[in-house]
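The values are calculated or read from the model by the stated rules, or taken from the named source; none is laboratory data. Predicted, not measured: the structure shown is a model, and the values here were computed from it. Backbone-built Cβ (ideal geometry, glycine too); neighbour counts: all protein chains shown. Accessible surface areas use protein heavy atoms only, side chains included; no ligands, DNA or RNA. Shrake-Rupley method; radii C 1.70, N 1.55, O 1.52, S 1.80 Å.
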Amino acid sequence: MTLHNRAKFQPSGKIQFGIFFQGVNSGTIWKAPESGSQTDFESFRRIAQTAERGLFAAFFLGEGLRLREHLGRPHALDVAGRPDAQTMLAALASVTSIIGLVATQNTTYNDPADLAHRLASLDLLSGGRAAWNVVTTDNAWTGANFRRGGYLDHADRYVHAEAFVETAKRIWDSWEDGAVSSSVSADSWAVPSHVRSVHHSGQHYSVDFTPRLPRSAQYRPVLFQAGDSPAGRDFAARQADVIFSAHPKFDDAVEFRADIVARSLAAGRGANDVQIMPASEFIVAATDEEAREKKEWVRSLQIGPQQAVAYLEQFWGRELSAYDPDGPLPEIDPVVEETSETRGSGFHGAKARQLAEQWRAESKEKGLSIRQFVSSRTSRVDATFTGSYTAVADTLAEYARVGAVDGFNISPWLIPTGLDDIVNHLVPELQERGVYPTEYPGSTLRENLGLATPVRSEALESVQL
Ligand SMILES: Cc1cc2nc3c(=O)[nH]c(=O)nc-3n(C[C@H](O)[C@H](O)[C@H](O)COP(=O)(O)O)c2cc1C
(Lines give C-alpha, C1' and ligand atoms only; values in the text may rest on other atoms or scores of the structure.)
Protein backbone atom coordinates (compact mmCIF):
# COMPACT_ATOMS: atom_id res chain seq x y z
CA MET A 1 0.00 0.00 0.00
CA THR A 2 1.35 3.46 -0.84
CA LEU A 3 1.79 6.17 1.74
CA HIS A 4 -1.05 8.06 0.07
CA ASN A 5 -3.44 5.15 0.54
CA ARG A 6 -2.38 4.64 4.12
CA ALA A 7 -3.26 8.24 4.83
CA LYS A 8 -6.77 7.96 3.41
CA PHE A 9 -9.49 5.92 5.03
CA GLN A 10 -11.08 3.35 2.70
CA PRO A 11 -14.27 1.57 3.76
CA SER A 12 -13.91 -2.20 3.59
CA GLY A 13 -17.56 -2.48 2.57
CA LYS A 14 -17.94 -5.32 5.07
CA ILE A 15 -19.54 -5.87 8.44
CA GLN A 16 -18.20 -8.31 11.04
CA PHE A 17 -20.04 -9.59 14.06
CA GLY A 18 -18.76 -10.40 17.49
CA ILE A 19 -20.83 -11.66 20.39
CA PHE A 20 -20.52 -9.70 23.61
CA PHE A 21 -21.53 -12.09 26.39
CA GLN A 22 -22.04 -9.50 29.07
CA GLY A 23 -22.21 -11.49 32.25
CA VAL A 24 -22.98 -8.49 34.46
CA ASN A 25 -25.77 -6.37 33.12
CA SER A 26 -29.41 -5.36 33.07
CA GLY A 27 -29.85 -6.18 29.39
CA THR A 28 -29.94 -9.96 29.68
CA ILE A 29 -33.38 -11.32 30.51
CA TRP A 30 -33.18 -13.89 33.25
CA LYS A 31 -36.87 -13.84 34.27
CA ALA A 32 -38.35 -15.69 31.31
CA PRO A 33 -38.95 -19.40 30.78
CA GLU A 34 -36.65 -19.19 27.73
CA SER A 35 -33.73 -17.95 29.86
CA GLY A 36 -30.90 -20.35 30.52
CA SER A 37 -28.14 -20.38 33.13
CA GLN A 38 -25.73 -17.47 33.23
CA THR A 39 -22.95 -19.61 34.63
CA ASP A 40 -23.28 -23.18 33.26
CA PHE A 41 -20.70 -23.93 30.62
CA GLU A 42 -23.51 -25.32 28.45
CA SER A 43 -24.87 -21.77 27.93
CA PHE A 44 -21.50 -20.52 26.76
CA ARG A 45 -20.93 -23.54 24.53
CA ARG A 46 -24.34 -23.22 22.90
CA ILE A 47 -24.02 -19.55 22.11
CA ALA A 48 -20.37 -19.67 21.02
CA GLN A 49 -21.11 -22.50 18.60
CA THR A 50 -24.10 -20.60 17.19
CA ALA A 51 -21.87 -17.56 16.69
CA GLU A 52 -19.32 -19.72 14.90
CA ARG A 53 -22.05 -21.18 12.67
CA GLY A 54 -22.89 -17.55 11.83
CA LEU A 55 -19.22 -16.83 10.96
CA PHE A 56 -18.84 -14.36 13.84
CA ALA A 57 -15.31 -13.04 14.12
CA ALA A 58 -15.16 -13.17 17.88
CA PHE A 59 -16.63 -14.30 21.17
CA PHE A 60 -16.09 -11.42 23.59
CA LEU A 61 -16.24 -11.37 27.38
CA GLY A 62 -16.34 -8.20 29.46
CA GLU A 63 -14.82 -8.13 32.92
CA GLY A 64 -15.81 -6.87 36.35
CA LEU A 65 -13.46 -7.65 39.18
CA ARG A 66 -15.87 -7.02 42.00
CA LEU A 67 -19.47 -8.02 42.52
CA ARG A 68 -21.61 -5.06 41.65
CA GLU A 69 -22.80 -3.35 44.81
CA HIS A 70 -25.75 -1.13 45.39
CA LEU A 71 -26.19 1.04 48.49
CA GLY A 72 -23.73 -1.22 50.27
CA ARG A 73 -25.37 -4.51 49.29
CA PRO A 74 -24.71 -6.88 46.38
CA HIS A 75 -26.83 -5.72 43.46
CA ALA A 76 -28.67 -8.86 42.52
CA LEU A 77 -31.61 -7.51 40.52
CA ASP A 78 -29.71 -7.85 37.27
CA VAL A 79 -27.33 -10.55 36.16
CA ALA A 80 -24.62 -10.09 38.74
CA GLY A 81 -21.53 -12.29 38.43
CA ARG A 82 -19.44 -14.01 35.80
CA PRO A 83 -16.82 -16.71 35.50
CA ASP A 84 -13.23 -15.67 34.88
CA ALA A 85 -12.77 -14.76 31.21
CA GLN A 86 -9.57 -16.64 30.45
CA THR A 87 -10.80 -19.82 32.12
CA MET A 88 -14.01 -19.61 30.11
CA LEU A 89 -12.26 -18.84 26.83
CA ALA A 90 -9.78 -21.69 27.28
CA ALA A 91 -12.71 -24.05 27.72
CA LEU A 92 -14.50 -22.56 24.71
CA ALA A 93 -11.36 -22.96 22.59
CA SER A 94 -11.79 -26.70 22.83
CA VAL A 95 -15.41 -26.74 21.59
CA THR A 96 -14.92 -24.22 18.78
CA SER A 97 -12.35 -24.19 16.01
CA ILE A 98 -12.11 -20.79 14.42
CA ILE A 99 -13.99 -18.03 16.25
CA GLY A 100 -11.77 -15.46 18.02
CA LEU A 101 -11.67 -15.44 21.83
CA VAL A 102 -11.53 -11.98 23.41
CA ALA A 103 -10.81 -11.52 27.10
CA THR A 104 -11.38 -8.13 28.69
CA GLN A 105 -8.55 -7.68 31.20
CA ASN A 106 -7.64 -4.52 32.99
CA THR A 107 -4.23 -2.97 33.16
CA THR A 108 -4.72 -1.34 36.53
CA TYR A 109 -4.77 -4.44 38.74
CA ASN A 110 -2.88 -7.06 36.70
CA ASP A 111 0.87 -7.46 36.25
CA PRO A 112 2.18 -7.36 32.69
CA ALA A 113 4.48 -10.39 32.75
CA ASP A 114 1.77 -12.58 34.25
CA LEU A 115 -1.10 -11.34 32.08
CA ALA A 116 0.97 -11.43 28.89
CA HIS A 117 1.95 -15.03 29.62
CA ARG A 118 -1.64 -16.13 30.25
CA LEU A 119 -2.87 -14.42 27.06
CA ALA A 120 0.01 -15.92 25.06
CA SER A 121 -0.99 -19.31 26.46
CA LEU A 122 -4.58 -18.86 25.29
CA ASP A 123 -3.31 -17.68 21.92
CA LEU A 124 -1.03 -20.71 21.46
CA LEU A 125 -3.54 -23.25 22.72
CA SER A 126 -6.33 -21.87 20.53
CA GLY A 127 -4.21 -21.77 17.37
CA GLY A 128 -3.94 -17.98 17.18
CA ARG A 129 -7.46 -16.97 18.18
CA ALA A 130 -6.89 -14.92 21.35
CA ALA A 131 -7.48 -11.22 21.86
CA TRP A 132 -7.15 -8.90 24.79
CA ASN A 133 -9.67 -6.10 25.31
CA VAL A 134 -7.59 -3.58 27.24
CA VAL A 135 -9.52 -1.70 29.92
CA THR A 136 -8.30 0.53 32.70
CA THR A 137 -11.32 0.05 35.01
CA ASP A 138 -12.40 3.39 36.32
CA ASN A 139 -13.99 2.79 39.70
CA ALA A 140 -12.21 2.97 43.00
CA TRP A 141 -14.58 0.46 44.63
CA THR A 142 -13.10 -2.24 42.39
CA GLY A 143 -9.69 -1.21 43.67
CA ALA A 144 -10.72 -2.05 47.20
CA ASN A 145 -10.35 -5.72 46.19
CA PHE A 146 -6.65 -5.42 45.61
CA ARG A 147 -3.41 -4.98 47.46
CA ARG A 148 -2.81 -1.75 45.59
CA GLY A 149 -6.34 -0.45 46.08
CA GLY A 150 -7.85 2.14 43.75
CA TYR A 151 -4.42 3.60 43.37
CA LEU A 152 -4.43 5.48 40.06
CA ASP A 153 -6.06 8.68 38.87
CA HIS A 154 -7.87 8.58 35.54
CA ALA A 155 -5.01 10.27 33.65
CA ASP A 156 -2.40 8.08 35.27
CA ARG A 157 -4.30 4.93 34.36
CA TYR A 158 -3.58 5.48 30.69
CA VAL A 159 0.10 6.24 31.33
CA HIS A 160 0.23 2.97 33.23
CA ALA A 161 -1.84 1.14 30.57
CA GLU A 162 0.48 2.25 27.81
CA ALA A 163 3.61 1.08 29.61
CA PHE A 164 1.79 -2.16 30.39
CA VAL A 165 0.77 -2.82 26.77
CA GLU A 166 4.23 -1.89 25.44
CA THR A 167 5.76 -4.37 27.86
CA ALA A 168 3.26 -7.07 26.89
CA LYS A 169 4.06 -6.56 23.22
CA ARG A 170 7.77 -6.90 23.92
CA ILE A 171 7.08 -10.08 25.83
CA TRP A 172 5.11 -11.55 22.91
CA ASP A 173 7.83 -10.50 20.48
CA SER A 174 10.71 -11.88 22.51
CA TRP A 175 10.96 -15.29 20.84
CA GLU A 176 12.21 -14.73 17.32
CA ASP A 177 11.19 -16.76 14.29
CA GLY A 178 12.92 -20.11 14.48
CA ALA A 179 13.37 -19.91 18.25
CA VAL A 180 11.94 -23.42 18.52
CA SER A 181 14.13 -25.98 16.76
CA SER A 182 12.39 -27.55 13.81
CA SER A 183 14.52 -30.70 13.90
CA VAL A 184 14.37 -33.52 16.43
CA SER A 185 18.12 -33.93 16.02
CA ALA A 186 18.80 -30.36 17.21
CA ASP A 187 20.92 -29.96 20.34
CA SER A 188 18.23 -28.15 22.25
CA TRP A 189 14.47 -27.65 21.87
CA ALA A 190 14.73 -23.87 21.96
CA VAL A 191 17.51 -21.86 20.33
CA PRO A 192 18.86 -19.68 23.15
CA SER A 193 20.25 -16.99 20.85
CA HIS A 194 16.74 -16.44 19.48
CA VAL A 195 15.17 -15.73 22.84
CA ARG A 196 15.44 -12.20 24.20
CA SER A 197 14.90 -10.91 27.70
CA VAL A 198 12.52 -8.14 28.60
CA HIS A 199 13.56 -5.32 30.88
CA HIS A 200 11.31 -2.54 31.94
CA SER A 201 11.92 -0.08 34.67
CA GLY A 202 9.29 2.55 35.20
CA GLN A 203 7.18 4.57 37.56
CA HIS A 204 4.67 1.83 38.33
CA TYR A 205 6.49 -1.48 38.00
CA SER A 206 9.77 -3.07 37.02
CA VAL A 207 10.13 -6.22 34.97
CA ASP A 208 13.30 -8.17 34.28
CA PHE A 209 12.73 -11.63 32.92
CA THR A 210 12.89 -14.03 29.99
CA PRO A 211 9.49 -14.83 28.50
CA ARG A 212 8.44 -18.45 28.46
CA LEU A 213 6.61 -18.97 25.17
CA PRO A 214 7.17 -18.74 21.42
CA ARG A 215 4.78 -16.68 19.37
CA SER A 216 1.45 -17.99 18.16
CA ALA A 217 0.03 -18.61 14.69
CA GLN A 218 -1.16 -15.00 14.63
CA TYR A 219 2.13 -13.63 16.01
CA ARG A 220 0.58 -12.18 19.15
CA PRO A 221 -2.93 -11.67 20.60
CA VAL A 222 -5.10 -9.11 18.82
CA LEU A 223 -5.57 -5.96 20.90
CA PHE A 224 -9.02 -4.52 21.49
CA GLN A 225 -9.50 -1.38 23.60
CA ALA A 226 -12.52 0.03 25.46
CA GLY A 227 -12.34 3.55 26.90
CA ASP A 228 -13.77 6.70 25.40
CA SER A 229 -12.02 9.78 26.78
CA PRO A 230 -9.54 11.69 24.57
CA ALA A 231 -6.70 9.94 26.43
CA GLY A 232 -8.38 6.57 25.88
CA ARG A 233 -8.86 7.25 22.18
CA ASP A 234 -5.24 8.36 21.72
CA PHE A 235 -4.07 5.28 23.55
CA ALA A 236 -6.18 3.10 21.22
CA ALA A 237 -4.93 4.96 18.15
CA ARG A 238 -1.35 4.18 19.19
CA GLN A 239 -1.77 0.63 20.43
CA ALA A 240 -5.00 -1.13 19.49
CA ASP A 241 -6.11 -3.19 16.52
CA VAL A 242 -9.83 -2.80 17.28
CA ILE A 243 -11.82 -0.38 19.44
CA PHE A 244 -14.83 -1.74 21.29
CA SER A 245 -16.70 1.53 21.05
CA ALA A 246 -19.81 3.00 22.62
CA HIS A 247 -20.89 4.69 19.36
CA PRO A 248 -23.28 2.52 17.36
CA LYS A 249 -25.68 5.25 16.11
CA PHE A 250 -24.98 6.14 12.51
CA ASP A 251 -24.01 9.84 12.75
CA ASP A 252 -22.15 9.30 15.98
CA ALA A 253 -20.34 6.29 14.49
CA VAL A 254 -19.27 8.29 11.44
CA GLU A 255 -17.97 11.08 13.69
CA PHE A 256 -16.17 8.61 15.92
CA ARG A 257 -14.56 6.97 12.89
CA ALA A 258 -13.28 10.35 11.65
CA ASP A 259 -11.88 11.09 15.09
CA ILE A 260 -10.08 7.74 15.30
CA VAL A 261 -8.70 8.07 11.77
CA ALA A 262 -7.29 11.50 12.66
CA ARG A 263 -5.78 10.18 15.89
CA SER A 264 -4.30 7.13 14.11
CA LEU A 265 -2.64 9.31 11.50
CA ALA A 266 -1.31 11.62 14.20
CA ALA A 267 0.13 8.54 15.90
CA GLY A 268 1.96 7.57 12.71
CA ARG A 269 -0.33 4.70 11.82
CA GLY A 270 -2.46 4.15 8.72
CA ALA A 271 -6.02 5.45 8.40
CA ASN A 272 -7.38 1.89 8.29
CA ASP A 273 -5.15 0.42 10.97
CA VAL A 274 -7.63 0.70 13.85
CA GLN A 275 -10.94 -1.08 13.40
CA ILE A 276 -14.12 -0.13 15.25
CA MET A 277 -16.81 -2.44 16.64
CA PRO A 278 -19.49 -0.76 18.77
CA ALA A 279 -21.55 -2.52 21.40
CA SER A 280 -25.01 -3.25 20.05
CA GLU A 281 -28.28 -5.07 20.60
CA PHE A 282 -30.49 -6.50 17.86
CA ILE A 283 -34.23 -7.06 18.13
CA VAL A 284 -35.15 -8.54 14.77
CA ALA A 285 -38.11 -10.50 13.39
CA ALA A 286 -39.82 -11.39 10.14
CA THR A 287 -41.70 -8.07 9.97
CA ASP A 288 -41.23 -4.59 11.46
CA GLU A 289 -44.46 -5.02 13.39
CA GLU A 290 -43.31 -8.29 14.97
CA ALA A 291 -39.97 -6.72 15.83
CA ARG A 292 -41.75 -3.82 17.58
CA GLU A 293 -43.82 -6.25 19.67
CA LYS A 294 -40.71 -8.25 20.47
CA LYS A 295 -38.99 -5.07 21.62
CA GLU A 296 -41.79 -4.26 24.05
CA TRP A 297 -41.56 -7.75 25.50
CA VAL A 298 -37.76 -7.50 25.78
CA ARG A 299 -37.86 -4.09 27.46
CA SER A 300 -40.57 -5.09 29.93
CA LEU A 301 -38.38 -7.95 31.12
CA GLN A 302 -35.11 -6.02 31.08
CA ILE A 303 -36.40 -3.11 33.16
CA GLY A 304 -38.83 -4.37 35.76
CA PRO A 305 -40.16 -2.06 38.51
CA GLN A 306 -37.33 -2.85 40.94
CA GLN A 307 -34.65 -2.45 38.30
CA ALA A 308 -36.07 0.95 37.37
CA VAL A 309 -35.94 2.25 40.94
CA ALA A 310 -32.53 0.70 41.58
CA TYR A 311 -31.20 2.39 38.47
CA LEU A 312 -32.18 5.80 39.85
CA GLU A 313 -30.81 4.93 43.30
CA GLN A 314 -27.36 4.61 41.77
CA PHE A 315 -27.43 8.26 40.83
CA TRP A 316 -29.39 9.53 43.84
CA GLY A 317 -27.10 7.64 46.22
CA ARG A 318 -30.08 6.85 48.48
CA GLU A 319 -32.92 4.42 48.99
CA LEU A 320 -35.88 5.27 46.71
CA SER A 321 -38.01 2.17 47.29
CA ALA A 322 -40.92 4.33 48.55
CA TYR A 323 -41.30 5.75 45.05
CA ASP A 324 -43.83 4.25 42.67
CA PRO A 325 -42.04 2.92 39.57
CA ASP A 326 -45.10 3.97 37.56
CA GLY A 327 -45.06 7.48 39.03
CA PRO A 328 -42.85 10.53 38.36
CA LEU A 329 -39.13 10.81 39.15
CA PRO A 330 -38.26 11.63 42.82
CA GLU A 331 -38.49 15.30 43.82
CA ILE A 332 -35.84 14.86 46.50
CA ASP A 333 -32.23 15.55 45.59
CA PRO A 334 -29.39 13.05 45.37
CA VAL A 335 -27.28 12.85 48.52
CA VAL A 336 -24.00 12.70 46.65
CA GLU A 337 -22.53 15.40 44.50
CA GLU A 338 -20.60 13.03 42.24
CA THR A 339 -22.53 10.08 40.85
CA SER A 340 -21.54 6.94 42.67
CA GLU A 341 -21.26 4.52 39.83
CA THR A 342 -22.13 1.03 40.95
CA ARG A 343 -22.48 -0.60 37.59
CA GLY A 344 -18.99 -1.99 37.22
CA SER A 345 -17.89 -0.19 34.07
CA GLY A 346 -18.97 3.37 34.52
CA PHE A 347 -18.27 6.23 32.27
CA HIS A 348 -20.94 8.71 33.32
CA GLY A 349 -19.09 11.17 35.50
CA ALA A 350 -21.81 13.84 35.58
CA LYS A 351 -22.73 15.69 38.73
CA ALA A 352 -25.60 13.90 40.39
CA ARG A 353 -27.74 16.89 41.27
CA GLN A 354 -27.44 18.42 37.86
CA LEU A 355 -28.25 15.07 36.32
CA ALA A 356 -31.32 14.63 38.54
CA GLU A 357 -32.65 18.04 37.52
CA GLN A 358 -32.15 17.29 33.83
CA TRP A 359 -33.82 13.91 34.14
CA ARG A 360 -36.80 15.31 36.06
CA ALA A 361 -37.31 17.97 33.42
CA GLU A 362 -36.97 15.50 30.57
CA SER A 363 -39.36 12.94 32.05
CA LYS A 364 -41.90 15.67 32.90
CA GLU A 365 -41.78 17.06 29.39
CA LYS A 366 -42.23 13.63 27.81
CA GLY A 367 -44.73 12.45 30.46
CA LEU A 368 -42.60 9.45 31.44
CA SER A 369 -42.85 7.41 34.65
CA ILE A 370 -39.72 6.19 36.45
CA ARG A 371 -39.95 2.90 34.63
CA GLN A 372 -40.53 4.44 31.22
CA PHE A 373 -37.78 6.96 31.79
CA VAL A 374 -35.23 4.36 32.84
CA SER A 375 -36.24 2.20 29.91
CA SER A 376 -35.62 5.11 27.56
CA ARG A 377 -32.37 5.94 29.28
CA THR A 378 -30.27 2.81 29.54
CA SER A 379 -27.28 2.81 27.25
CA ARG A 380 -28.43 -0.07 25.07
CA VAL A 381 -31.36 2.03 23.80
CA ASP A 382 -28.97 3.96 21.61
CA ALA A 383 -27.31 0.75 20.62
CA THR A 384 -30.40 -1.15 19.50
CA PHE A 385 -31.23 -2.13 15.95
CA THR A 386 -34.91 -3.01 15.75
CA GLY A 387 -36.84 -4.10 12.67
CA SER A 388 -37.42 -6.77 10.11
CA TYR A 389 -34.43 -8.81 8.96
CA THR A 390 -34.47 -7.02 5.63
CA ALA A 391 -34.81 -3.51 7.08
CA VAL A 392 -31.97 -4.06 9.56
CA ALA A 393 -29.81 -5.65 6.86
CA ASP A 394 -30.36 -2.56 4.68
CA THR A 395 -29.34 -0.32 7.57
CA LEU A 396 -26.18 -2.33 8.23
CA ALA A 397 -25.30 -2.33 4.53
CA GLU A 398 -25.31 1.46 4.70
CA TYR A 399 -22.89 1.36 7.65
CA ALA A 400 -20.66 -0.92 5.57
CA ARG A 401 -20.88 1.25 2.47
CA VAL A 402 -19.57 4.38 4.22
CA GLY A 403 -17.31 2.49 6.62
CA ALA A 404 -19.00 3.89 9.72
CA VAL A 405 -17.85 0.81 11.62
CA ASP A 406 -16.06 -2.45 10.87
CA GLY A 407 -18.62 -4.50 12.73
CA PHE A 408 -20.84 -4.81 15.78
CA ASN A 409 -20.28 -6.51 19.06
CA ILE A 410 -23.73 -7.93 19.75
CA SER A 411 -25.11 -8.34 23.28
CA PRO A 412 -27.80 -11.02 23.18
CA TRP A 413 -30.74 -10.29 25.48
CA LEU A 414 -31.47 -13.97 25.85
CA ILE A 415 -28.98 -16.65 26.83
CA PRO A 416 -28.26 -19.11 25.23
CA THR A 417 -30.60 -18.82 22.21
CA GLY A 418 -30.23 -15.06 21.69
CA LEU A 419 -28.23 -15.28 18.48
CA ASP A 420 -30.41 -17.81 16.70
CA ASP A 421 -32.57 -15.32 14.80
CA ILE A 422 -29.52 -13.25 13.86
CA VAL A 423 -27.56 -16.22 12.55
CA ASN A 424 -30.52 -17.89 10.83
CA HIS A 425 -32.10 -14.83 9.24
CA LEU A 426 -30.08 -11.61 9.48
CA VAL A 427 -26.73 -13.10 8.43
CA PRO A 428 -28.13 -14.57 5.15
CA GLU A 429 -29.70 -11.18 4.34
CA LEU A 430 -26.34 -9.50 4.86
CA GLN A 431 -24.59 -12.14 2.78
CA GLU A 432 -27.06 -11.54 -0.04
CA ARG A 433 -26.12 -7.87 0.07
CA GLY A 434 -22.45 -8.82 -0.18
CA VAL A 435 -21.50 -7.12 3.08
CA TYR A 436 -20.95 -10.17 5.31
CA PRO A 437 -18.45 -13.03 4.89
CA THR A 438 -19.70 -16.28 3.40
CA GLU A 439 -16.81 -18.20 4.92
CA TYR A 440 -14.02 -17.50 7.39
CA PRO A 441 -11.21 -15.90 5.38
CA GLY A 442 -8.42 -17.48 7.45
CA SER A 443 -7.75 -19.55 10.51
CA THR A 444 -6.50 -16.95 13.00
CA LEU A 445 -8.45 -14.05 14.47
CA ARG A 446 -6.00 -11.59 12.94
CA GLU A 447 -6.63 -13.05 9.48
CA ASN A 448 -10.38 -13.17 9.98
CA LEU A 449 -10.51 -9.53 11.01
CA GLY A 450 -8.30 -8.61 8.05
CA LEU A 451 -5.55 -7.19 10.25
CA ALA A 452 -1.95 -6.90 9.11
CA THR A 453 0.81 -8.93 10.78
CA PRO A 454 2.24 -6.67 13.46
CA VAL A 455 5.71 -5.25 13.14
CA ARG A 456 7.99 -6.77 15.78
CA SER A 457 8.73 -4.48 18.72
CA GLU A 458 12.14 -2.90 18.95
CA ALA A 459 14.99 -4.91 20.42
CA LEU A 460 14.64 -5.18 24.13
CA GLU A 461 17.10 -2.79 25.56
CA SER A 462 16.17 -1.35 28.91
CA VAL A 463 13.35 1.07 28.22
CA GLN A 464 12.00 3.79 30.43
CA LEU A 465 8.26 4.14 29.92
C1 LIG B 1 -17.65 0.25 25.50
C2 LIG B 1 -16.90 0.14 26.81
C3 LIG B 1 -16.81 -1.09 27.46
C4 LIG B 1 -16.11 -1.21 28.66
N5 LIG B 1 -16.03 -2.45 29.25
C6 LIG B 1 -15.36 -2.59 30.43
C7 LIG B 1 -15.28 -3.86 31.08
O8 LIG B 1 -15.80 -4.88 30.61
N9 LIG B 1 -14.62 -3.92 32.25
C10 LIG B 1 -14.03 -2.83 32.82
O11 LIG B 1 -13.44 -2.97 33.88
N12 LIG B 1 -14.09 -1.62 32.23
C13 LIG B 1 -14.74 -1.47 31.06
N14 LIG B 1 -14.79 -0.23 30.46
C15 LIG B 1 -14.21 0.94 31.18
C16 LIG B 1 -12.91 1.47 30.56
O17 LIG B 1 -11.87 0.55 30.62
C18 LIG B 1 -12.45 2.75 31.23
O19 LIG B 1 -11.97 2.46 32.52
C20 LIG B 1 -13.51 3.77 31.37
O21 LIG B 1 -14.26 3.88 30.17
C22 LIG B 1 -12.87 5.12 31.72
O23 LIG B 1 -11.98 5.52 30.74
P24 LIG B 1 -12.40 6.62 29.68
O25 LIG B 1 -12.63 7.86 30.47
O26 LIG B 1 -11.25 6.70 28.73
O27 LIG B 1 -13.66 6.16 28.98
C28 LIG B 1 -15.49 -0.08 29.25
C29 LIG B 1 -15.58 1.16 28.59
C30 LIG B 1 -16.25 1.28 27.38
C31 LIG B 1 -16.33 2.62 26.71
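Annotations
- So Arg45, is it under 19 Å from Ala131 (Cα atoms), touching a residue at least 40 places away in the same chain (Cβ under 8 Å) and open to solvent by 50 Å² or more (accessible area, probe 1.4 Å): yes
- Scanning the range 93-143 for residues that are free of Cβ contacts under 8 Å to residues at least 60 places away in the same chain, among the β-branched types (Val, Ile, Thr) and surrounded by fewer than 23 Cβ atoms within 10 Å (Cβ to Cβ) yields Val95, Thr96, Thr108.
- Residue within the range 155-164 that is open to solvent by less than 50 Å² (accessible area, probe 1.4 Å), basic (Lys, Arg) and within 12 Å of the ligand (Cβ to nearest atom) present: yes
- Residue in the range 183-192 that is of a type outside the set (A, V, I, L, M) and at positive phi present: no
- Members of the range 206-241 that are in contact with a His (Cβ under 9 Å, 6 or more places away or on another chain) and closer than 25 Å to Gly62 by Cβ: Asp228, Ser229, Ala231
- Options Val374, Val402, Val381, Val455: the member that is aliphatic (A, V, I, L, M) and at pLDDT 95 or above: Val402
- Restricting the range 135-144 to residues that are out of contact with any helix residue (DSSP H, G or I) (no Cβ under 6 Å at 6 or more places or on another chain) and within 12 Å of the ligand (Cβ to nearest atom), the residue that is modelled with the highest pLDDT is Val135.
- Tabulated pairs, the range 206-220, first acidic (Asp, Glu), second open to solvent by less than 20 Å² (accessible area, probe 1.4 Å), C-beta under 8 angstrom, 6+ apart or interchain: Asp208/Val198; Asp208/His200
- Test: residue in the range 73-91 that is of a type in the set (A, V, I, L, M), touching a helix residue (DSSP H, G or I) at 6+ places or on another chain (Cβ under 8 Å), open to solvent by less than 30 Å² (accessible area, probe 1.4 Å) and in contact (Cβ under 8 Å) with a residue 60 or more places away in the chain: no
- Within the range 145-154, tally of residues that are open to solvent by less than 70 Å² (accessible area, probe 1.4 Å) and within 12 Å of the ligand (Cβ to nearest atom): 2
- Some residue of the range 5-25 being open to solvent by 40 Å² or more (accessible area, probe 1.4 Å) and under 30 Å from Ala310 (Cα atoms): yes
- Taking the criterion of being more than 16 Å from the ligand (Cβ to nearest atom), within 26 Å of Ala400 (Cα to Cα) and outside any helix (DSSP H, G or I), the residues of the range 271-313 that qualify are Ala271, Asn272, Asp273, Phe282, Ile283, Val284, Ala285, Ala286, Thr287.
- Selection within the range 201-237 - out of contact with any helix residue (DSSP H, G or I) (no Cβ under 7 Å at 6 or more places or on another chain), open to solvent by 40 Å² or more (accessible area, probe 1.4 Å) and within 14 Å of the ligand (Cβ to nearest atom): Asp228, Pro230
- Qualifying residue in the range 239-253 (condition: among the hydroxyl-bearing types (Ser, Thr, Tyr), within 16 Å of the ligand (Cβ to nearest atom) and open to solvent by less than 30 Å² (accessible area, probe 1.4 Å)): yes
- So Ile415, is it of a type in the set (A, V, I, L, M), under 17 Å from Arg53 (Cβ atoms), assigned to a loop (DSSP other than H, G, I, E, B) and at pLDDT 95 or above: yes
- Residue tally, condition away from the ligand (no atom under 16 Å from the Cβ) and either on the phi > 0 side of the Ramachandran plot or open to solvent by 10 Å² or more (accessible area, probe 1.4 Å) (or both), over the range 51-69: 3
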